[in-house]
Amino acid sequence: MNRLENKVAVITGGASGIGRAAAAMMAAEGAAVMIGDLDQDKAAQAAAEITEAGGRAVGRAVNAMEEESLHGLVESAVEEFGSLHIMCNHVGGSNPRKDLDLLRMDMAEFDRTMALNVRSTVVGSRAALPHIIAAGGGSIINTASVAGISGDFLQAAYGTAKAAVIRLTQYIATQYGEQYVRCNAIAPGAIMTPALRDNLSEDVIESIRGHNSLPFIGAPEDIAAAMVFLASDESRYITGQLLTVDGGMSSHSAIADGRRSMLS
Ligand SMILES: NC(=O)c1ccc[n+]([C@@H]2O[C@H](COP(=O)([O-])OP(=O)(O)OC[C@H]3O[C@@H](n4cnc5c(N)ncnc54)[C@H](O)[C@@H]3O)[C@@H](O)[C@H]2O)c1
């Protein structure tokens, strides 16, 4: 409790899944939270739940693909709560029906994916940085993915975009560390959210579970807890890092499964 007392946070894509859990957990730790989402009703609903639980939150519509809209969200957080310390550039994703292998990938989806994941992180950070610096420092947290750390047969655009988010994180950390701005990324593995359920069949989810070292699929709260840590002063000496939260999916080599069968 109170690990984020007197802090103000903005979360894009905060009305569902991981973002919603992060908003609730940050508010429970004492932060005032501005939840921005394309779905205004769900953003307002998420904020109302936090308020009912005794926290401070406001939900607003934002389109993270639009520069003016993102700047407006950040400005409204500062107007509402007086300052800004934590920026979560959380919006992301791609359409796995259009984001395929390189030759079959829809190029319009490639451009959309870069805008949704990379440009939104650039713009969100540019909007937040002057306010975080004015507050004496703070934490930018970018949501990447395990898709950004190795290749796959599908979603070439998504993986490329998340890799860019990871590198961008290091650039922000390098360029604004002197002003006490920390910037880190989180790479979630498979997390049980509406996006995962909508995009993957039960069979695929089960096969992912089989590749985790831990025998389960993570919950939104598993990522939210990592976000709270990176937002709090407990991580004050950590910047420019990628924190992978994936149940061990990326902790072993691709041949590990075959070698396990050699044990029996
Ligand atoms: N769920 C997973 O397994 C997983 C794994 C790795 C990375 N991630 C990343 O986590 C983040 C969120 O994923 P999730 O699974 O919680 O998704 P989700 O679908 O549950 O929630 C996404 C939210 O973003 C909002 N949104 C979509 N487009 C937007 C836009 N242009 N502007 C503002 N809001 C917008 C949606 O309305 C929704 O509320 C993404 O960056 C995703 O790439 C998720």
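The values are calculated or read from the model by the stated rules, or taken from the named source; none is laboratory data. Owing to the predicted nature of the structure, the values given are computational and were not obtained by experimental measurement. Virtual Cβ from ideal backbone geometry, glycine too; neighbours counted across all protein chains shown. To get the accessible areas, we keep the full protein, side chains included, count just its heavy atoms, and leave off ligands, DNA and RNA. Shrake-Rupley method; radii C 1.70, N 1.55, O 1.52, S 1.80 Å.
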Looking at the chain as a GNM with Cα springs under 10 Å, which of Ile172, Ile191, Ile217 has the largest mean-square fluctuation? Ile217
Restricting to lysines and to Cα separations under 21 Å from Lys98, and discarding same-chain partners fewer than 8 apart, the set is Lys162
Using 5 Å bins from zero, what percent of all Cα-Cα pairs in the chain falls into each bin? 1, 6, 13, 18, 20, 17, 12, 7, 4, 2, 1, 0, 0
Can you tell me which of Ala31, Ala219, Ala46 moves the most in a GNM of the chain? Springs connect C-alpha atoms under 10 Å apart. Ala219
Normalised contact order of the chain, rounded percent, pairs of Cα under 8 Å and 6 or more residues apart: 18
So, relative contact order of region 25-72 in percent, Cα under 8 Å, 6 or more apart, is 38
So the carbon and sulfur contribution to the accessible area of region 151-264, 1.4 Å probe, in percent, is 56
Taking the 0 to 90 degree range and rounding to the nearest ten, how far is the long axis of helix 156-176 tilted relative to the main principal axis of the chain, both from C-alpha atoms? 40
Per residue of region 41-46, in order, report the coupling 6.51 cos²θ - 1.76 cosθ + 1.60 (Karplus, θ = phi - 60°) as ³J(HN,Hα) in whole Hz, putting x for Gly and Pro. 4, 5, 5, 5, 5, 4
Can you give me the distance in nm between label points at Ile255 and Met65, each placed 7 Å from the Cα along the Cα-to-Cβ direction? 4.4
What does the charge add up to near Ala44, with Lys and Arg as +1, Asp and Glu as -1, over the other residues with Cβ less than 11 Å from its Cβ? -2
Name the residues whose placed amide hydrogens come within less than 5 Å of the amide hydrogen of Lys7, ignoring near sequence neighbours (fewer than 5 apart) on the same chain. Ala32
Listed residues Tyr176, Tyr158, Tyr237, most fluctuating in the chain (Gaussian network, C-alpha, under 10 Å): Tyr237
Accessible surface, region 8-261, averaged per residue in Å² (probe 1.4 Å): 47
Length released on extending from Asp203 to Leu103, taking residue separation times 0.36 nm less the Cα-Cα span: 33.4 nm
Can you tell me the Rg and the Dmax, both Å, for the Cα atoms in region 100-210? 16.1, 49
Using each residue's phi in region 141-151, evaluate 6.51 cos²θ - 1.76 cosθ + 1.60 at θ = phi - 60° and report the 3J(HN,Hα) Karplus result to the nearest Hz, with x for Gly and Pro. 10, 9, 8, 9, 5, 4, 4, x, 10, 7, x
How far apart, in nm, are the 7 Å Cα→Cβ label points at Glu79 and Glu52? 2.8
